[in-house]
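Structure first, commentary second.
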Amino acid sequence: MRKIDSFWDASAVVPLCVAQPASPYVRAALQNRAVAIWWGTPVEVTAAFWRLLRGGYLTQPQFTRALKRLAGFRARWAEVAPASRVRELTDALLERHPLRAADALQLAAALVWCEERPRGERFVCLDRRLAEAAAREGFEVEAFELRAQ
């Protein structure tokens, strides 16, 4: 079994499934990678798809394709399950960094994934605030076209 070599935030998963300016970069970053995600990532990504559909940025067929792509990725990726340690780490991360709740949960799940030893581990993200917090925690952050936060 191949070692999981990167943790992906929902912000990097969306452009894997929906054409966006960052899509070529995240697709290249995914090549030959074994990925871990947080258990809640599919919910966050699906919510983003709904926002894009409702906002007129996706057509119904594009929305359907995006959901299918997400399901395909989920079948191959490892998920960090909700656990008390994720919640404990989230509380500590919220104290140390100016993060939204879901972002703190993402980062806490990444810390659980790497057994709280982030040095040398990849964290893939498009959210500036989360990327900065992950870097301060010790991850090697791979971030593309960071959005202003």
Anyone know which of Ala29, Ala104, Ala47 comes out most mobile in the 10 Å Cα GNM of the chain?
Ala47
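Mind ordering 34-41, 107-114, 74-81 by average Cβ neighbours within 10 Å, highest first? Intermediate values should be presented prior to the final figure.
Numbers: 34-41: 21.0, 107-114: 24.9, 74-81: 13.6.
Ranking the peptides 34-41, 107-114, 74-81 by packing returns 107-114, 34-41, 74-81.
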Residues of region 107-138 with amide nitrogen under 16 Å from the 7 Å Cα-to-Cβ point of Glu88?
108-117
Give the angle, between 0 and 90 degrees and rounded to the nearest 10, that separates the Cα long axis of helix 41-54 from the longest principal axis of the Cα atoms of the chain.
30
Treat each spin label as a single point 7 Å out from the Cα along the C-beta direction, and report the Ala28 to Tyr57 distance in nm.
2.2
Distance between region 40-106 and region 16-31 - C-alpha centres, whole angstrom:
16
Among Leu107, Ala48, Ala71, the residue whose Cα sits farthest towards the positive end of the charge dipole of the chain (+1 at Cβ of Lys and Arg, -1 at Cβ of Asp and Glu, taken about the Cα centre) is Ala71
Interchain or sequence-distant (5+) residues whose placed amide H lies within less than 5 Å of the amide H of Glu79 are Ile37
Angle between the Cα long axis of helix 60-76 and the longest principal axis of the chain, 0 to 90 degrees, nearest 10?
40
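Under the classification rounded if a/c is under 1.5, otherwise prolate if a/b is larger than b/c and oblate if not, where does region 1-41 fall, given a ≥ b ≥ c as square roots of the Cα gyration tensor eigenvalues? Can you show the working numbers first?
Values: a/c = 2.99, a/b = 1.39, b/c = 2.16.
Here region 1-41 falls in the oblate category.
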Which of Leu93, Leu53 has the fewest Cβ neighbours within 10 Å, and the rest in rising order:
Leu53, Leu93
Among Val14, Cys125, His97, the residue whose Cα sits farthest towards the positive end of the charge dipole of the chain, when +1 is placed on the Cβ of each Lys and Arg and -1 on the Cβ of each Asp and Glu, is Val14
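More than 26 angstrom separation, counting every C-alpha pair in region 1-135; what % is that? Show your work: numbers first, answer last.
On the way: 1856 of 9045 pairs.
Tail of P(r) above 26 Å: 21 percent of Cα pairs.
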With springs connecting C-alpha atoms under 10 Å apart, model the chain as a Gaussian network and identify which of Thr46, Thr90, Thr59 has the largest mean-square fluctuation.
Thr59
Taking the chain as the reference, fit the longest principal axis to its C-alpha atoms, fit the long axis of helix 84-96 to the helix C-alpha atoms, and give the angle between the two in degrees, 0 to 90, nearest 10.
80
Choice from Glu121, Glu132, Glu95 showing the highest fluctuation, given a GNM over the chain with Cα pairs closer than 10 Å:
Glu95
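Each reported figure results from applying straightforward, stated rules to the coordinates on display, with no laboratory input. None of these values were measured; they are calculated from a predicted model. Positions of Cβ are generated from backbone atoms using ideal geometry, with glycine treated the same way; all protein chains shown enter the neighbour counts.
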